[in-house]
1. Within the stretch 48-92, which strands (runs of 3 or more DSSP E) (wholly inside it) include 3 or more residues that are farther than 16 Å from residue 21 by Cα and not hydroxyl-bearing (Ser, Thr, Tyr)?
2. Answer with yes or no whether residue 97 is modelled with pLDDT of 95 or more, open to solvent by 40 Å² or more (accessible area, probe 1.4 Å) and in contact with a Cys (Cβ under 8 Å, 6 or more places away or on another chain).
3. When residues of the stretch 38-78 are filtered for being touching a residue at least 60 places away in the same chain (Cβ under 8 Å) and either crowded, with 19+ Cβ neighbours inside 10 Å or within 16 Å of the chain's Cα centre (by Cα) (or both), how many remain?
4. Working only within the stretch 86-103, note down all residues that are touching a residue at least 40 places away in the same chain (Cβ under 8 Å) and over 14 Å from the mean Cα position of the chain (by Cα).
5. Only one of 85, 48 is at pLDDT 95 or above and among the β-branched types (Val, Ile, Thr). Can you tell me which?
6. Scanning the stretch 5-37 for residues that are within 17 Å of residue 89 (Cβ to Cβ) and open to solvent by 40 Å² or more (accessible area, probe 1.4 Å), which turns out nearest to the chain's Cα centre (by Cα)?
Amino acid sequence: MTTSGASFTGGQYTFHPAGVNHGAFQWKGKLNDTNHRDGHNVYMQVKVEGYAWSRYNGKQKSSVSLNRLNWDGAQRYTDDAYIRVCRDKGSFNPDNCSPTKHYRP
């Protein structure tokens with residue numbers, strides 16, 4: 001998954017069954033700042049059914065490994081998730097994000 005200045009590589013995605021890890025959507029991979037000279041940070045956004053986007057920040061000029069669980073506490077399991085990688089361009093410019101990927105078990 002890529003956008004200008006950011007990438008998410010080695011992505012792995014799992015939907016856990018009810019009763020295991022909150023029935024969560026688990027995702028992991030490496031979040032990369034691919035343009036060290038632009039001075040901008042990178043982040044991941046993940047959304048599961050019924051909730052707003054969650055943001056997971058990376059680090060400027062480097063790569064970080066992420067392994068996260070997202071779930072809806074009101075349901076026994078999650079079966080609808082969206083994920084994208086973005087570059088934070090500051091207050092005055094809109095961020096740029098990759099196309100959103102939609103996952104279902």
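The values are calculated or read from the model by the stated rules, or taken from the named source; none is laboratory data. None of the values given here were measured: they were computed from a predicted structure. As a convention, Cβ positions derive from the backbone with ideal geometry for all residues, glycine included, and neighbour counts pool all protein chains shown. To get the accessible areas, we keep the full protein, side chains included, count just its heavy atoms, and leave off ligands, DNA and RNA. Shrake-Rupley method; radii C 1.70, N 1.55, O 1.52, S 1.80 Å.
1. Values: elements: 54-57, 63-70, 81-88.
Because the criterion is at least 3 residues that are farther than 16 Å from residue 21 by Cα and not hydroxyl-bearing (Ser, Thr, Tyr), the strands (runs of 3 or more DSSP E) in the stretch 48-92 that meet it are 81-88.
2. The answer is yes for residue 97.
3. Residues flagged as touching a residue at least 60 places away in the same chain (Cβ under 8 Å) and either crowded, with 19+ Cβ neighbours inside 10 Å or within 16 Å of the chain's Cα centre (by Cα) (or both) within the stretch 38-78 amount to 1.
4. 89, 90
5. Among 85, 48, only 85 is at pLDDT 95 or above and among the β-branched types (Val, Ile, Thr).
6. 34
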